[in-house]
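For reference, the structure discussed in these notes is given below.
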Amino acid sequence: MNANAAVERDQQNRFVTTRWSVVLSCSTPEETGRKALAELCHIYWRPIFAFICRRGYSVPDAQDLTQDFFIMVIEGNLLQFADPGRGRFRSLLLKALQNFLIDNHARRTAQKRGGKVQFVCWNEWMAEAPSQLSVAASEAENWSAEKIYDVRWAATVVERALHRLGEECESRGRRRVFSVLSKYLSAERTDVSYAAISDALGVSTETIKRLLHHLRVRYRALLREEIAQTVEEPDDIDAELRYLCAALATRAP
């Protein structure tokens, strides 16, 4: 009992150091909070860009507006008007973005192309190969900007967790294992051909089952770590995880 309580306290202590917790703890634009916010913006610029494009802006205009928006977030007073009760960076950022696009004055006076801050390299992003989680244009044709935002946000969380897991596997000499098994990490996947995977990797089916189990456990842990960076309290993680999983599930009709 005491051991469990100690573990829980340790988890709570670690949680207060997440980027979003640091941001919310800064009632004034302190340097620590600003850096934490800038890091979150750098990670989650794709949902912002996708939302703006879906609202009918051209790619060049959406690039400008994305940069302008983040300058407003980091150098402005967004957090002074934020409702900490929301508890989710995703929700807060979306509301701020909706208001930003309505406010023509903010767009006219913002620093173009990100001003002193460069969050993204557009040429590099445009050259990126589509990920497993990309959405066909025909599939998303009738989606609202809000739905595209949520799907792109969820995809970003998943892609970051997968990237971290891939790096961990590579550091252990298991990049090939990750490449073959990564598509089966969802617990809902029941179409796993253990015999085919066994032949591909040259190990027994029992070894495949064990490796897949360990990868799934670690993948879920990394997903929770990524989500923890964007919510205020540990109790918010499960609800946010369910929401993002539901968003990704809507990619297929």
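The values are calculated or read from the model by the stated rules, or taken from the named source; none is laboratory data. Because the structure is predicted, anything quoted here is derived from the model rather than measured. Virtual Cβ from ideal backbone geometry, glycine too; neighbours counted across all protein chains shown.
Miscellaneous remarks
- Any hit, the range 188-211, residues being surrounded by 16 or more Cβ atoms within 10 Å (Cβ to Cβ) and closer than 21 Å to Leu93 by Cβ: no
- For the range 2-65, the helices (runs of 4 or more DSSP H) that sit wholly inside it and include 2 or more residues that are among the aliphatic types (A, V, I, L, M), at pLDDT 55 or above and over 19 Å from Ile227 (Cβ atoms) are 45-54.
- Residue count for the range 168-181, restricted to those that are surrounded by fewer than 16 Cβ atoms within 10 Å (Cβ to Cβ) and either of a type in the set (Gly, Ala, Ser) or in contact with an Asp or Glu (Cβ under 8 Å, 6 or more places away or on another chain) (or both): 3.
- Residues of the range 29-55 that turn out to be closer than 14 Å to Leu97 by Cβ and in contact (Cβ under 8 Å) with a residue 12 or more places away in the chain, as a count: 13
- Meets criteria (out of contact with any strand residue (DSSP E or B) (no Cβ under 7 Å at 6 or more places or on another chain), surrounded by 14 or more Cβ atoms within 10 Å (Cβ to Cβ) and at pLDDT 95 or above) for Arg218: yes
- Subset of the range 233-251 [surrounded by 19 or more Cβ atoms within 10 Å (Cβ to Cβ) and more than 16 Å from Glu159 (Cβ to Cβ)]: Glu240
- Taking the range 143-167 as the range and being surrounded by 14 or more Cβ atoms within 10 Å (Cβ to Cβ) and more than 30 Å from Ala96 (Cβ to Cβ) as the test, the residues that pass are Leu165, Gly166.
- Some residue of the range 231-251 being among the basic types (Lys, Arg), touching a residue at least 60 places away in the same chain (Cβ under 8 Å) and under 30 Å from Tyr149 (Cβ atoms): yes
- Here Arg224 passes the criteria (1) free of Cβ contacts under 8 Å to residues at least 60 places away in the same chain; (2) over 19 Å from Glu167 (Cα atoms) except the one numbered (2).
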